[in-house]
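Please treat every number below as a calculation from the coordinates, not as lab data. Owing to the predicted nature of the structure, the values given are computational and were not obtained by experimental measurement. Methodologically, a virtual Cβ is constructed for each residue, glycine included, from the backbone with ideal geometry; neighbour enumeration extends over all protein chains shown.
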Amino acid sequence: MGCVQSFRELCDRQKNTNVRKSLPAVCIVWQTAMIILFGVFIRYNEEADPHWVEHRHTNNISSDIENDFYYRYPSFQDVHVMIFVGFGFLMTFLKRYSFGAVGFNFLIAAFGLQWALLMQGWFHSLDYTDGKIKIGVESMINADFCVAGCLIAYGAVLGKVSAVQLLVMTLFGVTLFAVEEYIILNVVHARDAGGSMVIHTFGAYYGLSISWMLYRPNLDQSDRLHGSVYHSDVFAMIGTLFLWMFWPSLNSAITDHGDGQHRAAINTYLALAATVLTTVAISSLFQKHGKLDMVHIQNSTLAGGVAVGTAAEFMLMPYGALIVGFCCGIISTLGYVYLTPFMEKYLKIQDMCGIHNLHAMPGVIGGIVGAITAASATESVYGVEGLINTFDFEKDFKDMVPSRQGGHQAAGLCVALCFGLSLQPPLNVTTEKAHESCFNVYS
Amino acid sequence: MGCVQSFRELCDRQKNTNVRKSLPAVCIVWQTAMIILFGVFIRYNEEADPHWVEHRHTNNISSDIENDFYYRYPSFQDVHVMIFVGFGFLMTFLKRYSFGAVGFNFLIAAFGLQWALLMQGWFHSLDYTDGKIKIGVESMINADFCVAGCLIAYGAVLGKVSAVQLLVMTLFGVTLFAVEEYIILNVVHARDAGGSMVIHTFGAYYGLSISWMLYRPNLDQSDRLHGSVYHSDVFAMIGTLFLWMFWPSLNSAITDHGDGQHRAAINTYLALAATVLTTVAISSLFQKHGKLDMVHIQNSTLAGGVAVGTAAEFMLMPYGALIVGFCCGIISTLGYVYLTPFMEKYLKIQDMCGIHNLHAMPGVIGGIVGAITAASATESVYGVEGLINTFDFEKDFKDMVPSRQGGHQAAGLCVALCFGLSLQPPLNVTTEKAHESCFNVYS
Amino acid sequence: MGCVQSFRELCDRQKNTNVRKSLPAVCIVWQTAMIILFGVFIRYNEEADPHWVEHRHTNNISSDIENDFYYRYPSFQDVHVMIFVGFGFLMTFLKRYSFGAVGFNFLIAAFGLQWALLMQGWFHSLDYTDGKIKIGVESMINADFCVAGCLIAYGAVLGKVSAVQLLVMTLFGVTLFAVEEYIILNVVHARDAGGSMVIHTFGAYYGLSISWMLYRPNLDQSDRLHGSVYHSDVFAMIGTLFLWMFWPSLNSAITDHGDGQHRAAINTYLALAATVLTTVAISSLFQKHGKLDMVHIQNSTLAGGVAVGTAAEFMLMPYGALIVGFCCGIISTLGYVYLTPFMEKYLKIQDMCGIHNLHAMPGVIGGIVGAITAASATESVYGVEGLINTFDFEKDFKDMVPSRQGGHQAAGLCVALCFGLSLQPPLNVTTEKAHESCFNVYS
């Protein structure tokens, strides 16, 4: 409650202050803080350090190509494109807010990834011998993942919050994310390669909670801002396609070397293909005269990638991936048709980009699919070594069995939901000024 | 003839049915069929299976980096971008059809790749021990290739067919493609790394045949739909550039590991560079006042990539690649200036995107260049092992010599042409309704 | 002086000739010359040659994955996207020149990379045993780098020169670049992985010199051409983002295998993130009502990538990268606010895209940062082998020490500045006709 209170105060204070002073101040001060914290804590890991040559000899690594960089860098670049072009352009559909959407997305992602390197580093890659965080290519991918959670949340409040509020949202969001991720992956020992639970479920409910806090009944009067024009819809399609195409890289970016990355990419590729067909089917069925709705094509076609995130590295089987994609295309499109208007009218939750349909529901489905797939794993399907590698049955968890792992997966989903919904208390902040200043930022 | 008949009937039936019912029905039923067929037939191959660890030990593979995933995944992602953003945005130039072009491209590619995995799997990667198709990263690349053939065909009839007709076209196209590819690569034993013959020649003539069937003399009255506006032309340039930049990945995606992929990328890079200069030259020469025509810049600059497809993995030599690019830029641009109007007026073939100039002619040239390059291969240039690896002179073909391989390449080209033109009989379907429903789909 | 003279004459001659004849003639003749020169000089290197199999056995290389192609091809494709989409779309902001910017960028890059392969080949990869240049994936990356220098120069004179003049500028620019690069890297023995000095400092001053030559006092009357519209600014953001996202690939593309590439990517990633925050801060601080200026967001956010280019492969440390990014965001944005108007008014230098703020100043800073970082290198931080590998203390330079290397780095920066400014004499060419023909090229 305390932190919520302070968040409200911060929001209020920002609005009453001239944006001319507060935005530069926040950017400069926070960036300076980052430099100091990086100076104290962050160093290169052994694969990015010039001692790598000696490390190779000591550990009998035969070649430079064994450096993790070559396993993961192509996936990292694809994920990077998803964060900045994918999420950025997906939100350009508002005719008076295309540039603002891309620009603010850019700003909060650039800040968020620095803070994420620190927060995730403290939890996951702190070297206790010297108290430093050691970063490498996997840290950069994880930082981008963490930022994705905050960008999803931004989708709920698009055009309603100022740049400073967004930065505050990101600071809180990344912090929450790192704690939640640590609990789900390390304490609960759930697996979540593509982040159905960790990223999408958490990010979507975090955003919806904030949107509920910031509910403004007189939003309708600014409807003129929320229409789309033809070209802004084509721009949004650039975002959709780059997300759709590179999703196999996202789900396979941090899975196990070898078959793990290979299988995750195949499963995601298939799930997304199936989603496109069912999205088109439902969109055509529920619109008058069988016309397709651009919003559905732009968003629901991605639901399969979200839902296959947790199970992508498991033996979901190709037909299993298609089934997941099939269902999510239907559920997500129906969400746009029925659920979004319902939520706005009765629950006072305005969901600008429909993140409940694209991230929240498919994320929860992804968590459930992951739990079922894990629980039904057998040694004959995975092999003895394969089972240990895939589910990480090592060290403290070397006595784990698949059926119990299924329970842990379900527990992980609950943790993600709880963290996402923890910022729930109503604040009813009048965001009118913030809203307008935001639109004026880019004239 | 029977299949053509049924295709016409299908087209007619679709038009007379309300699109509100037919499009959802086709999408749901076909996707369900895919799930069932995938359940029966498709499994992961040994490199995407958790038994990979054991497979590595058994086959004495030293490291996870030897997994084919790391050889081909970056190329796969580039090809994926070409299919969805490249082909999709290349067709956005029509001012009232930008979104439709991208959206329908998305739909048929998502369906086509699933059907291609099955069709190509039955022909190429069926495991006779258990009757299953084993898929991996190379299967995904091949499925994307197969889809490319159908998207090329779509270019000929852009804006003239409905979504359901496009899906039918894709179903037929992928089936034909898989048979044609099997005959060319396995029966005739031609090599075709970048698909000059298999993809481009076949796809273009398949599309032109359909366009001829669907000829509508009163197309002129809807000319207003076919103009371009400034911004839709800039959107189209996004498609052009992503195709142009990633073409080296397309031509090298499934060539031999090591020098094969390396050489294919270099040859394609050079051929495309040369094409740009001759395209600009011819475009400037034949337009009044030396102005450049945007259509030429958007399309003909890509002809070199098509034409170097077959020979890219051979010892074409850097200057050879430049010569191929040089000639194709000229021929393709002249095609836009003279041949497209001629074909529409005298042959009753409307070629909306000019695929005859971009894919058909350069594809045929590519087949011929491939035959000549193969026929002139010598042991001194390739080395003994290099010759065997490059032309796959193994098993049934271990007694093959380069000069005979040249003949087989030429035979492969003939097969591609025959398959492309096999759907030739005139149908004269009145497509007016389909045409309008198509444009109304996205309001 | 002679070459400058001939450049002026060429510019004059072009203007007086009908563009209808000169552009096609230049394209065809130059491309033919390229084919002949490639035929005489260019061959595949041993990693792209079919003898690679034998080369592997001879050199005891265990696997195809050791082919340099797999180390560098993903980075090459990212750099390729930066050249064609990044630079191309970054210049689309002019409302009447979007297509022209992308199209001309395409043309000169396609020519420049061929000439760069020859020029850089003669200096760097000439095989003295047979007098041939041996090319591979690293040659393609270097050719793209060289082209980048010329595209930066194009930014200064955007919309003021004709296509033929641009080609002449590129021919001269690539030639100068290759000489300058040879002197800096091989004679002076400075290291410059991301090209802060070699590419950015040289390219920017080369462009500004030309802009000074071509100064036209009555440019104001064509102000209407230089405004931006909303959608052309969103297009420009596509260029910005693809440059920003793929900059880590550019700076790491030709660094040492293993830790070198890994470290360069991390440093660039961090520097760019910091730049975004300070750019937003300064932009918001200096614009009235705290509004952000789109030009700053589009350009200054990239300054960190330029400035970290030289030192990216050194042990700059993560906080060092953040500090570099922090400073460059401030300096670059202040440059747009104060320096660009000053330069136009008092120095008669029109800088259309603000390349002095984006490339020149950050490039010089990058050179200085590189010199300091090199001079302060110690064996304890790098390790004995690491120091030798990172700074290439081998052969003629095996007795080099870090402090002297710092001096060599500073000398390299001076060379880059001298070469960039060597085309300085005033020409005062009336470019009005060229200017108008250029805008008319794309109607």
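Quick look at the numbers
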quantity: Set B:Lys291/C:Lys21; B:Lys134/B:Lys395; B:Lys288/C:Lys21; A:Lys291/B:Lys21; A:Lys288/A:Lys345 screened for pairs whose C-alpha atoms are more than 18 Å apart; calculated: B:Lys134/B:Lys395; A:Lys288/A:Lys345
quantity: Mean Cβ count within 10 Å, highest first, over the residues of peptides A:270-280, B:203-213; calculated: A:270-280, B:203-213
quantity: Label spacing, shortest first and in nm, from B:Thr58 to its equivalents in the remaining copies (7 angstrom along Cα→Cβ); calculated: 3.7, 3.7
quantity: Relative exposure of A:Val401, C:Val137, C:Val168, judged by other C-beta atoms within 10 Å (fewest first); calculated: A:Val401, C:Val168, C:Val137
quantity: Segment C:83-156: chymotrypsin sites (Phe, Trp or Tyr not before Pro) falling in loop per DSSP and having at most 11 other Cβ within 10 Å; calculated: C:Tyr128
quantity: Expected 222 nm ellipticity per residue - DSSP helices of 4 or more, -39500 (n - 2.57), all of chain A, to 500; calculated: -21000 deg cm²/dmol
quantity: Estimated inter-spin distance, C:Ala33 and B:Lys348, nm [label 7 Å along Cα→Cβ]; calculated: 5.2 nm
quantity: Cα gyration tensor shape of chain C, rounded if a/c is under 1.5, else prolate or oblate by comparing a/b with b/c; calculated: oblate
quantity: Local electrostatic count at A:Ala311 - Lys and Arg +1, Asp and Glu -1, tallied over other residues with Cβ under 12 Å; calculated: 0
quantity: Label spacing, shortest first and in nm, from A:Val29 to its equivalents in the remaining copies (7 angstrom along Cα→Cβ); calculated: 6.5, 6.5
quantity: Amide H contacts under 5 Å for A:Tyr44, placed H, 5+ residues apart; calculated: A:Ile135
quantity: C:Ala25 paired with B:Lys21, simple spin-label distance in nm, labels 7 Å along Cα-to-beta-carbon; calculated: 6.8 nm
quantity: Percent breakdown of C-alpha pair distances by 20 Å bin, ordered from the shortest bin, for the protein assembly as shown; calculated: 11, 43, 39, 8, 0
quantity: Whichever aspartates and glutamates have a C-alpha closer than 19 Å to that of A:Lys398, once near sequence neighbours (fewer than 8 apart) are set aside; calculated: A:Asp192, A:Asp256, A:Glu379, A:Glu385
quantity: Nearest-first distances (nm) between copies at C:Leu126, label 7 Å from Cα via Cβ; calculated: 5.9, 5.9
quantity: Inter-probe distance in nm under a simple model that places probes 7 Å from Cα toward Cβ, at C:Val187 and B:Val187; calculated: 6.5 nm
quantity: Residues A:Thr175, C:Thr310, C:Thr268 arranged by fewest to most Cβ contacts within 10 Å; calculated: A:Thr175, C:Thr268, C:Thr310
quantity: FRET efficiency estimate (nearest 0.05) - Cβ-Cβ, C:Leu421 to C:Asp68, R0 41 angstrom; calculated: 0.70
quantity: At most 16 other Cβ within 10 Å, DSSP loop - trypsin sites (Lys or Arg not before Pro), segment C:341-413; calculated: C:Lys348, C:Lys398
quantity: Shielding by partners, peptide A:320-329 (average Cβ within 10 angstrom, other chains); calculated: 3
quantity: Sequence of C:Ser63, A:Ser196, B:Ser249 once ranked by neighbouring C-beta atoms within 10 Å, starting from the fewest; calculated: C:Ser63, B:Ser249, A:Ser196
quantity: Beta carbon of chain C nearest to the axis of the rotation taking C to B, residue and angstrom distance; calculated: C:Pro74, 3
